[in-house]
Amino acid sequence: MTVYVLGIGSNINAEFQCRQMIAALELRFGQLRVSELVTTKAVGLAAPDYINAVVCFESDISAEALRQWCKRLEEQLGRDRQQRLCAADIDLLLAVDRPALAVEKLINQVKEPWFRPLVTELLNINEGVDSVYH
């Protein structure tokens, strides 16, 4: 099984949309760990603030199949990539096949700095990745 960490966000009806993404992920993948919802500024464009969260779960799905599933969910929730407003954004932040890897190094791989504290919270940096599920 692979531990997946996804970043989710929206700036259109943002809290509702984030909860929709979380519900769809839970329906598809079962038990999730979910960070708090946080408000962040739009980066690189003039747009309303985002609400973001991080979701963590285990699955035997491939990373590519998960990416494709997430993009379909974004479209179902109204994502229009031509617009500055974003109804749904789901990005694969980490895929951990070997939980023994150093969590600090994994977190540093997350490109978006606003997700790093949420990933740290979910992966429980003091106890390691195994503690996410055990």
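Some notes on this structure:
- Whether a residue is touching a helix residue (DSSP H, G or I) at 6+ places or on another chain (Cβ under 8 Å) and closer than 21 Å to LYS111 by Cβ was assessed, and ALA24 does not pass this test.
- Scanning region 61-71 for residues that are among the charged types (D, E, K, R) and surrounded by 12 or more Cβ atoms within 10 Å (Cβ to Cβ) gives ARG67, LYS71.
- Of all residues making up region 90-126, the number that are at pLDDT 80 or above, buried (at least 16 other Cβ atoms within 10 Å of the Cβ) and assigned to a helix (DSSP H, G or I): 5
- Unique match (being closer than 18 Å to VAL119 by Cα and outside any helix (DSSP H, G or I)) among VAL43, VAL55: VAL55
Yes/no matrix, rows are residues, columns are (1) within 19 Å of ASN13 (Cβ to Cβ); (2) out of contact with any His (no Cβ under 8 Å at 6 or more places or on another chain); (3) free of Cβ contacts under 8 Å to residues at least 40 places away in the same chain; (4) not aromatic (Phe, Trp, Tyr):
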| residue | (1), (2), (3), (4) |
| --- | --- |
| GLU36 | yes, yes, no, yes |
| ALA47 | yes, yes, yes, yes |
| ILE51 | yes, yes, no, yes |
| VAL54 | no, yes, no, yes |
| ASP60 | no, yes, no, yes |
| ARG67 | no, yes, yes, yes |
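- Sub-8 Å Cβ pairs linking a first residue in region 2-27 that is free of Cβ contacts under 8 Å to residues at least 60 places away in the same chain to a second residue that is of a type in the set (D, E, K, R), at least 6 apart or interchain, are ALA14/ASP49, ordered by first then second residue.
- Sole exception among (1) in contact with a Lys or Arg (Cβ under 6 Å, 6 or more places away or on another chain); (2) at pLDDT 95 or above for ARG19, by number: (1)
- In region 30-56, the residue that is nearest to LEU123 (Cα to Cα) out of those that are out of contact with any helix residue (DSSP H, G or I) (no Cβ under 9 Å at 6 or more places or on another chain) and of a type in the set (A, V, I, L, M, F, W, C) is ALA42.
The values are calculated or read from the model by the stated rules, or taken from the named source; none is laboratory data. Note that the coordinates shown come from a computational prediction; the quantities given were computed from them, not determined experimentally. Note: ideal-geometry Cβ built from the backbone for every residue, glycine included; neighbour counts use all protein chains shown.
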